[in-house]
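Input: a single structure, listed below in structure tokens.
The values are calculated or read from the model by the stated rules, or taken from the named source; none is laboratory data. Note that this is a predicted model, so its numbers are computed, not measured. Note that each Cβ is placed from the backbone with ideal geometry, even for glycine, and that neighbours are counted across all protein chains shown. Note: areas computed on protein heavy atoms with side chains; ligands, DNA, RNA excluded. Shrake-Rupley method; radii C 1.70, N 1.55, O 1.52, S 1.80 Å.
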Amino acid sequence: MAVSLATRAELDVVLSLAGRTADPAPQPVPVRSGGFGGVDGLIRYLRDEAIDLLIDATHPFAARISANAARAADQCDATAFALRRSAWVPVEGDDWLPVHSVSQAIAALGAAPLRVFLATGRREAHQANAAPQHHYWVRSVDPVEPPLTVPHVSYIHSRGPFRLADELDMLQHHRIEVVVAKNSGGDATYGKIEAARQLGIKVIMVERAETAGLPVVETVEAALDRIDHFVSSLMNRGV
Ligand SMILES: NC(=O)c1ccc[n+]([C@@H]2O[C@H](COP(=O)([O-])OP(=O)(O)OC[C@H]3O[C@@H](n4cnc5c(N)ncnc54)[C@H](OP(=O)(O)O)[C@@H]3O)[C@@H](O)[C@H]2O)c1
């Protein structure tokens, strides 16, 4: 989205990051970082910066900021929409167990010790402490802090996108028996799902909660169409 908007001379774009990643990937547009201070803070920001259009392009599991964005846009009477890629759906050969939270996923691993690839992000990795009988391989961009208390854990620090071939190697190398993943959608992290299918590995899939709020588009192309429409409506009004 940022790459597509960076070359649009008629737009002043600012990309907002939560500020959780120590060394975020470089961006082709100006970046601000850190929470706004809840809905009220976001409303203040939108007003102070005279923002015309708010795009919620956060991760599908970032529920709080999405709810805040919808409420702030509503209260400011600002134009807003969400860019939310569609969820993955199981295909022939997939062995998925759908659950509704990371804690449910950990419980669903069962009593017998398993070799588990935990790909749910570092913030929720600590849920694994509830089932210390398993050996976990936890992948995240930044270190898990504090570390897990389970006796068998290995940390993999890397940033996507992840290629299928590398995911196949990783799952085989560690002799992973089950993958725990969030249904994030998109291509960048789908490699592990495809690799699990090819290797006959079960995936415990944390599904998304329903979100109400902003109108949603699922692709960058659809978002750009919406932006074009918005810009031309402003121009027609002589703004
Ligand atoms: N959840 C995931 O699985 C996941 C995965 C990959 C990337 N991410 C990204 O990591 C960020 C944090 O995710 P989360 O699940 O912790 O979010 P969250 O629970 O929805 O939001 C928690 C708080 O973080 C701040 N925040 C979140 N996104 C922000 C943004 N883009 N700009 C400024 N402040 C932001 C807000 O603080 P204030 O209330 O103070 O404004 C928000 O209330 C999101 O931007 C998300 O896109 C999340």
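Report, in debye and to the nearest 20, how large the dipole of region 1-100 comes out about its Cα centre when Lys and Arg carry +1 and Asp and Glu carry -1 on their Cβ. Don't jump to the answer; show the numbers that get you there.
On the way: 9 positive and 13 negative charges, 46 e Å.
The calculation lands at about 220 debye.
If the viscosity is 0.692 mPa s and the temperature 37 °C, what translational diffusion coefficient in µm²/s does Stokes-Einstein give for region 96-206 when Rh comes from Kirkwood over Cα pairs? Provide the component values of the computation, followed by the final result.
On the way: Rh = 13.7 Å.
Diffusion coefficient, whole number: 239 µm²/s.
Two decimals is fine: what is log10 I(q)/I(0) at q = 0.17 Å⁻¹ for region 25-86, from a Debye sum with one equal scatterer on every Cα and no solvent?
Treating every Cα as an identical point scatterer, log10 I(q)/I(0) equals -0.59.
Which one of V99, G41, A112 is farthest out on the positive end of the charge dipole of the chain, using unit charges on Cβ (Lys, Arg +1; Asp, Glu -1) and the Cα centre as origin?
Toward the positive end, the furthest listed residue is A112.
Could you work out the longest stretch of the chain that avoids the GluC sites (Glu not before Pro) located in DSSP loops with at most 12 other Cβ atoms within 10 Å? Walk me through the numbers before you get to the answer.
Details: sites that count: E10, E49, E92, E210.
By the stated rule (loop sites, at most 12 other Cβ atoms within 10 Å), 93-209.
Rounded to the nearest 10 degrees, what's the angle between the helix 220-236 long axis and the longest principal axis of the chain, both from Cα atoms, 0 to 90?
The helix 220-236 is inclined about 10 degrees to the chain.
With the crude spin-label approximation of a point 7 Å out along Cα→Cβ, what separation in nm comes out for R44 versus A6?
3.2 nm
Identify the trypsin sites (Lys or Arg not before Pro) of region 146-229 meeting these criteria: DSSP loop state and at most 13 other C-beta atoms within 10 Å of the C-beta.
Details: sites: R159, R163, R175, K182, K192, R197, K202, R208, R226; in loops: R159, R163, R175, R208.
When the trypsin sites (Lys or Arg not before Pro) of region 146-229 are filtered for loop state and at most 13 Cβ neighbours within 10 Å, R163, R175 remain.
Heavy atoms only, probe 1.4 Å: what % of the accessible area of the chain goes to carbon and sulfur, would you let me know? Intermediate results must be reported in sequence, preceding the final value.
Working: 6860 of 13300 Å².
Whole-percent figure for carbon plus sulfur exposure: 52.
Kirkwood hydrodynamic radius (Cα pairs, Å) of region 1-112?
On the way: mean 1/r = 0.0596 Å⁻¹.
Mean inverse Cα-Cα distance, inverted, gives 16.8 Å.
How large is the helix-only mean residue ellipticity at 222 nm for the chain, computed as the sum of -39500 (n - 2.57) over DSSP H runs with n ≥ 4, divided by its residue count, in deg cm²/dmol to the nearest 500?
Details: 7 runs with 73 residues, N = 239.
After summing the helix terms and dividing by the residues of the chain, the value is -9000 deg cm²/dmol.
Express the relative contact order of region 96-206 as a whole percentage, based on alpha carbon pairs under 8 Å and six or more residues apart in sequence.
On the way: 205 pairs, mean separation 35.3, N = 111.
Relative CO of region 96-206 lands at 32 percent.
Among A6, A69, A165, which residue has its Cα furthest toward the positive end of the charge dipole of the chain, with +1 on Lys/Arg Cβ and -1 on Asp/Glu Cβ?
A165
Need one value: the accessible area of T149 in square angstrom, 1.4 angstrom probe, rounded to the nearest 10.
110 Å²
Can you tell me the orientation of helix 164-173 relative to the chain, as the angle in degrees between its alpha-carbon axis and the longest Cα principal axis, to the nearest 10?
30 degrees
Given Cα pairs under 8 Å that are at least 6 residues apart, what percent is the relative contact order of region 26-76? The partial results should precede the final answer.
Values: 23 pairs, mean separation 23.4, N = 51.
Relative contact order here is 46 percent.
Can you give the alpha-carbon Rg of the chain over 2.2 N^0.38 Å, where N counts its residues? Don't jump to the answer; show the numbers that get you there.
On the way: Rg = 20.0 Å, N = 239, 2.2 N^0.38 = 17.6 Å.
Compared with the compact-globule rule of thumb, the chain sits at 1.13.
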